[in-house]
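Below: the structure, in structure tokens.
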Amino acid sequence: MDMICINCPKGCHLSIEKDGDGWNIQGYACERGKAYALSEMTDPRRTLTSTVKIKDGTITRCPVKTSAPIPKDMVRDAAKSLDSVTVIAPVKVGDVIVANVLGTGSDIIATRNIAKA
Ligand code: SF4
């Protein structure tokens, strides 16, 4: 399998093949690329960025993200779960909006300060 490392702008082209119980990974220029390739093959994860409704704030949506990457196949459900979330202003960067989203161990946190209107 071929993929491009997304960890920095260099965009190394990675080549990954199963090698017995492990993986033969070629093309990385640093260890982050090797770790990324291994993660993609064994436990792919993504950071979810989205917004939730906010009441009594200076804007109507509060930008949020996961505090740590979550399993890639749970991102869609995690995003959907935010449809029913409404927070009350004020909100500060880093406030936990949803703890342990879908049992992933990652929280949904605010990424913007929003004052009360
Ligand atoms: S392998 Fe290292 S240098 Fe290459 S794109 Fe990934 S992070 Fe950047």
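Only a single criterion out of (1) in contact with a strand residue (DSSP E or B) (Cβ under 7 Å, 6 or more places away or on another chain); (2) surrounded by fewer than 16 Cβ atoms within 10 Å (Cβ to Cβ); (3) at pLDDT 95 or above is not satisfied by SER39, namely (3).
Can you confirm whether GLY33 is surrounded by 14 or more Cβ atoms within 10 Å (Cβ to Cβ) and in contact with a strand residue (DSSP E or B) (Cβ under 8 Å, 6 or more places away or on another chain)? Against the criterion (surrounded by 14 or more Cβ atoms within 10 Å (Cβ to Cβ) and in contact with a strand residue (DSSP E or B) (Cβ under 8 Å, 6 or more places away or on another chain)), GLY33 qualifies. Would you call PRO9 assigned by TED's automatic domain parsing to the domain that holds VAL91 and either at pLDDT 95 or above or under 19 Å from the mean Cα position of the chain (by Cα) (or both)? Answer is no for this residue. Looking across region 52-96, the residues that are closer than 18 Å to ASN113 by Cβ and touching a Leu at 6+ places or on another chain (Cβ under 8 Å) come down to VAL52, VAL64, LYS65. Just one residue in the set LYS65, LYS10, LYS34, LYS72 is among the basic types (Lys, Arg) and under 15 Å from THR111 (Cα atoms); that residue is LYS65. Is region 77-89 home to any residue that is at pLDDT 95 or above and touching a Pro at 6+ places or on another chain (Cβ under 7 Å)? Within region 77-89, not a single residue is at pLDDT 95 or above and touching a Pro at 6+ places or on another chain (Cβ under 7 Å). If the condition is being free of Cβ contacts under 8 Å to residues at least 12 places away in the same chain, away from the ligand (no atom under 15 Å from the Cβ) and not polar (S, T, N, Q), then region 14-70 contributes LYS18, ASP19, GLY20, ASP21, GLY22, ARG61. The one condition from (1) in contact with a strand residue (DSSP E or B) (Cβ under 8 Å, 6 or more places away or on another chain); (2) surrounded by fewer than 14 Cβ atoms within 10 Å (Cβ to Cβ) that SER67 does not meet is (2). If you go through region 1-15 and keep only what is touching a helix residue (DSSP H, G or I) at 6+ places or on another chain (Cβ under 8 Å) and within 19 Å of PRO69 (Cβ to Cβ), you end up with MET3, CYS5, ILE6, ASN7, CYS8, LEU14.
The values are calculated or read from the model by the stated rules, or taken from the named source; none is laboratory data. What you are looking at is a predicted structure, and each value in this text was computed from that prediction instead of being measured. Glycine also receives a Cβ, built like all others from the backbone with ideal geometry; neighbour counts cover every protein chain displayed.
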